[in-house]
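Notes for the one structure printed next.
The values are calculated or read from the model by the stated rules, or taken from the named source; none is laboratory data. Worth saying up front: this structure is predicted, and the values here are computed from it rather than measured. Reconstructed Cβ throughout: ideal geometry from the backbone, glycine too, with neighbour counts over all protein chains shown. Please note that ligands, DNA and RNA were not included when accessible areas were found on the heavy atoms of the full protein model with its side chains. Shrake-Rupley method; radii C 1.70, N 1.55, O 1.52, S 1.80 Å.
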Amino acid sequence: MSQKLIVGNWKMNGGAEFNATLLNALLSQSAQWQALVAVCVPSVYLGQVQHIVQGSAIALGAQDVSAHEAGAYTGEISAAMLKDFGTRYAIVGHSERRQYHGETDATVATKAQRALAAGITPIVCVGETLEEREAGRTEEVVKRQLAAVIHANGHCISEIVVAYEPVWAIGTGKTATPEMAQQVHAVLRAQLHAASEKADRVHILYGGSMNASNAQQLLAQPDIDGGLVGGAALKSADFLSIIAAAQ
Ligand code: PEP
C-alpha cells in the first residue's frame with residue numbers, strides 16, 4: 001500500500017474548545033504528512049469539525065452509522081445525514097458497539113452497506129477477545145466477522161477499510177506484537193483477495209493501544225496499512241508522532 005492511513009477514534013471524548021485546539025495543532029504540521037489522516041469524532045461535533053478541516057489534509061469520520069435508511073429510530077443517525085456534513089469515513093462494528101450495544105455481525109454488515117450506498121467508506125472493525133485468543137480461535141473469529149461484511153457487500157468490498165482490533169488490546173496499554181498483528185492481517189488480506197481481485201487497494205489498519213513508541217514497528221509490517229488510534233489520538237504530539245511513523 002503506497003500511502004498509509006492513520007485514523008483517530010476520539011470515542012466519547014472532546015468538547016468544542018478541546019476539538020479546535022487539537023485540530024489546529026494537527027493542522028499546523030499537516031504540510032509534512034505523507035500518510036492519509038482522518039478523525040472520527042462524536043456526531044454532535046461533525047459540523048464543527050467539518051468547518052475546521054474543510055479543504056485540509058484531515059478527513060472527517062463518524063464513529064457509527066445507523067443500519068436503517070430513515071424513519072422512526074430515535075437517537076440514530078443515518079448515512080445520508082453523515083454525508084450532509086462531508087463525512088468521508090464511518091467506523092462500523094467497533095468492539096465497544098458490539099459489546100455494549102449488542103451489535104451482531106449481520107448488523108455490522110448492514111451498517112457497512114448503508115455507508116457504502118451513501119458514498120461513505122466504512123471502517124469495519126474485527127477482533128477477538130482474550131478468551132477467544134487463548135482458545136486458539138483468533139482466525140476463526142476475525143474471518144467470521146469479515147465474511148459477514150463480504151457476503152453483504154459483494155463487489156463493493158474493495159471500497160471498505162478493515163481495522164484489526166484485538167479486543168484485549170483496546171484501551172488497555174497491551175499491544176499485539178508486530179508479528180501477532182501481521183499474522184492476522186495476512187489472514188484478512190487473503191480473505192479479501194479471495195473475494196475481490198481489487199483487494200490490494202483495501203487498507204487494513206491495526207488498532208489497540210497504538211502509540212508514539214510502538215507505531216513505527218507495527219506500521220513496518222507488510223500487511224499493516226495504517227492505524228486506528230484511540231487514546232493517543234487525543235494528544236496532538238502523540239498523534240503527530242504516529243502520523244510521522246507512517247511514512
Ligand atoms: C480504538 O478504540 O479503536 C482503539 C484502538 O483504542 P486505543 O488506541 O485507546 O486502544
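Some values worked out for this structure:
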item: Theoretical gain in end-to-end length, GLU131 to ALA190 [0.36 nm per residue, Cα-Cα removed]; result: 18.8 nm
item: Summed side-chain charge close to HIS203 - residues other than HIS203 whose Cβ falls under 10 Å, Lys, Arg +1, Asp, Glu -1; result: +1
item: Rounded to the nearest 20 debye, dipole of the chain from Cβ charges on Lys, Arg, Asp, Glu; result: 300
item: With every protein chain in place, the chain: carbon and sulfur % of accessible area (1.4 Å); result: 51
item: Environment charge of ALA246, counting only residues whose C-beta is closer than 12 Å and scoring Lys/Arg +1, Asp/Glu -1; result: 0
item: Long-range HN-HN contacts of GLY227 with modeled amide H, under 5 Å; result: LEU5, ILE6, VAL7, TYR206
item: For region 98-156: rounded, prolate or oblate by the Cα gyration tensor [a/c cutoff 1.5]; result: prolate
item: Listed residues CYS156, PHE85, VAL167: farthest to the positive end of the dipole of region 84-182 (Cβ charges); result: PHE85
item: Candidates VAL161, VAL39, VAL141: whichever shows maximal mean-square fluctuation once the chain is modelled as a Gaussian network with Cα springs under 10 Å; result: VAL141
item: Residue-wise HN-Hα coupling along region 70-83, computed from phi with Karplus coefficients 6.51, -1.76, 1.60 (Hz; x: Gly, Pro); result: 5, x, 7, 10, 3, x, 8, 10, 7, 4, 4, 5, 4, 4
item: Cα-based shape type of region 1-139, given that a ≥ b ≥ c are square roots of the gyration tensor eigenvalues and the cut on a/c is 1.5; result: oblate
item: Those residues of region 82-121 whose amide nitrogen sits under 13 Å from the label point placed on GLU69, 7 Å along Cα→Cβ; result: 114-115, 117-118
item: Percentage, to the nearest whole number, of Cα pairs in the chain over 27 Å apart; result: 29
item: Solvent-accessible area per residue, Å², over the chain with all protein chains present [probe radius 1.4 Å]; result: 45
item: ³J(HN,Hα), Karplus 6.51/-1.76/1.60, whole Hz, each residue of region 235-247, x for Gly, Pro; result: 10, 4, 4, 5, 5, 5, 5, 5, 4, 5, 6, 9, 8
item: Over the chain: helical MRE at 222 nm, DSSP H runs n ≥ 4 each giving -39500 (n - 2.57), nearest 500; result: -11500 deg cm²/dmol
item: Rh by Kirkwood over Cα pairs, then Stokes-Einstein D for region 14-56 at 1.306 mPa s and 10 °C, µm²/s; result: 145
item: Cα-centred dipole magnitude for region 38-138, charges only on beta-carbon of K, R (+1) and D, E (-1), debye, nearest 20; result: 300
